[in-house]
Amino acid sequence: MPGLIFITGGVMSSVGKGVVVASIGRMLRSRNFSVNAVKIDPYINVDAGTMNPYAHGEVFVTYDGGETDLDLGHYERFLDVELSRKNNITSGQVYLSVIMKERQGEYLGQTVQLIPHVTDEIKRRILETAEGFDVTIVEIGGTVGDYEQLPFLEAARQLRLELGDGVVFVHVAWVPLLKTTREFKTKPLQHSVAELRRYGIQPDAIVVRSERPIDANTARKIALFTNVPQHAIYNSYNVDTIYKVPLLLERQGMGEFLVRRLRLEARAPDYREWEEFVAKLTSPRHVVKVGMCGKYVELPDAYLSIIEALRHAGAALSARPELVWINSVDVERRPDRLHELDVEAVIVLPGFGKRGVEGMIECARYAREGEIPFLGICFGMQLAVVEFARNVVGLKEASTTEVDPDTPHPVVHLAPEQRGIDALGGTMILGNRRIELVPGTLAASLYGSSVAVERHRHRYEVNLEYLPKLVEAGLLVSGWREDVRRVEIIELPGHPFFIATQFHPEFRSRPTRPHPLFLGLIRAALARRLEGKVGARSAASPLQAA
Ligand code: GLN
């Protein structure tokens, strides 16, 4: 029977439970166990696809087209695995399938109830996903005490009863530091554990999240009041990078504790690659200013995977990306301000809808004309094509029909298979597609290959009718979708680095395997500085580490 680790959260949300989960996964992966991680989101949405990024951050897309919670991104990056849509379970999915089964008569005349029918469906989904792995970590989203979490806690409690020692509970809770008395206050944590016990769950271990390291007294107090032995109280205090958290918890003995507790074979962990990555990440020799242009810039979590992908690429090149957030709505008001930002690379970010679009187009133009290394992602690629059509081809009114349905020059339009779809949820072009890379192009040389497999999330695409005009004016298509002839990558020969993709490269970047397009972008920015186009901030050659 595979091991299950349930993670619950106490006191408040947004304290980095997902990173703790991912770090626990890393500790077990470093011992070469096969590890899977599941996120439970107790909301009624079937998936994260229909949610506003302002509220929930980015939608993470899995290879099989799941539109999931951003925690799955942390899991993939820390575990170095590819997870499926099944790894994100929501109340919406659970209720939907219970109700469908009821309509189909599968419950044979029974009264369908929260317990056992809903809890059985939750257990079935968890066990199905856990199949074949040594350990599966299940993060129960939200905070203990939330009404909507109850069926999930109940299902977890039942699994412990059924599977005994194969199930471990880890509770993650915030312990505030009271500035006036410089004291750690454990009462909220104590209450959250008391609440958990009310549902029949006694945690086996506690991870204390805190601003600074907690002292032994605080740990002792927590142990006493929560009935958890002191050696199973771990502390994840704030550190300068999330990638240090597995090392922090490992040093405190948490990896060994879990292995023992799950009765797994004792193995020495191997952190060589991870430590090497963290060392490079935290001691960069250069700083590269990357302009990030989009409309959700007030909430950087909306672009989480892109930020992480930049960090991975930066670490490999010994450069720390310094993100300069460019609100595309502001650019519309003051396009002249762009020049003052002094950025060394520009990313035009993914997005939807009309607001801020002209600002994103302006950013693409700024990078093209200023010969600043440029990466356009999804909407960023579509808008780079619009910009090129307007300002290079001369089709002044060119646009995407997403923004202007009546444009005389729809250089970007709804993909044919998207026409007639009226439901919003789960209906975009989603997940992996194979891409043919055109030999001799920048894309082919960056990938070092003739094919790529990347994840998608879009409805619109480059209108092939306009391609001859665009190509004639100097735009190069360097990546084609393999199954149907669709533009996947464009570039501008003659520009030092101008590349844009219909897909989302960020989802496949890993700490120790940075994505070639992000690597290319940072490398190009460093090379440009070396040529003296921008003020050098370091005497050493920025390319040495490449
Ligand atoms: N709005 C665009 C589309 O639907 C781009 C989507 C995106 O950037 N993810 O095609």
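Every read-out reported here was derived from the displayed coordinates using simple, explicitly stated rules and does not represent laboratory data. This is a predicted model, so every value here is computed, not measured. As a convention, Cβ positions derive from the backbone with ideal geometry for all residues, glycine included, and neighbour counts pool all protein chains shown.
Neighbour counts of other Cβ atoms within 10 Å put Met428, Met51, Met100 in the fewest-to-most order Met100, Met51, Met428. Dividing the mean sequence gap of close Cα pairs (under 8 Å, 6+ apart) by how many residues the stretch 28-155 holds gives a relative contact order of 35 percent. When +1 charges are put on Lys and Arg Cβ atoms and -1 charges on Asp and Glu Cβ atoms, the dipole computed for the chain relative to its Cα centre reaches about 1520 debye. Across every pair of non-identical alpha carbons in the chain, the mean reciprocal distance, once inverted, gives a Kirkwood radius of 25.0 Å. According to the Kirkwood relation over distinct C-alpha pairs, the hydrodynamic radius of the stretch 199-272 is 13.5 Å.
Given the pairs Lys39/Lys185; Lys185/Lys244; Lys187/Lys289; Lys17/Lys354; Lys17/Lys179, which are separated by over 32 angstrom at their Cα positions?
Over 32 Å Cα-Cα: Lys187/Lys289; Lys17/Lys354.
Report the Stokes-Einstein translational diffusion coefficient (µm² s⁻¹, integer) for the stretch 117-225, Rh taken as the Kirkwood radius over Cα pairs, at 37 °C with viscosity 0.692 mPa s. Here the translational diffusion coefficient equals 212 µm²/s. Among the GluC sites (Glu not before Pro) within the stretch 351-433, those in coil by DSSP and having at most 16 neighbouring Cβ atoms inside 10 Å are Glu371, Glu397. By DSSP, what percent of the beta bridges with both residues in the stretch 316-461 are antiparallel, rounded to the nearest 5? Antiparallel bridges make up about 60 percent of those DSSP assigns within the stretch 316-461.
How would you rank Leu96, Leu161, going from fewest to most other Cβ atoms within 10 Å of each one's own Cβ? Before the final figure, lay out each step's value.
Values: Leu96 14, Leu161 10.
Sorted ascending by nearby Cβ count, the order is Leu161, Leu96.
Placing a pseudo-label 7 Å from each Cα along the Cα-to-Cβ vector at Glu195 and Met12 gives an inter-label distance of 1.3 nm. Please compute the length gained on full extension between Glu417 and Leu108, using 0.36 nm multiplied by the number of residues separating them and subtracting their Cα-Cα distance. Between Glu417 and Leu108, full extension yields an extra 107.3 nm.
Structural descriptor for the stretch 134-293: relative contact order 17 percent, calculated from alpha carbon pairs under 8 angstrom and at least 6 residues apart. Cβ crowding within 10 Å ranks Tyr466, Tyr107 as Tyr107, Tyr466, fewest other Cβ atoms first.
Calculated FRET efficiency, Gln202 and Glu128, Cβ-Cβ r, R0 30 Å, to nearest 0.05? About 0.70, to the nearest 0.05. Give the residues of the stretch 216-245 whose amide nitrogen is closer than 19 Å to a point set 7 Å from the Cα of Leu264 in the direction of its Cβ. Output list for this probe position: 232-235, 244-245.
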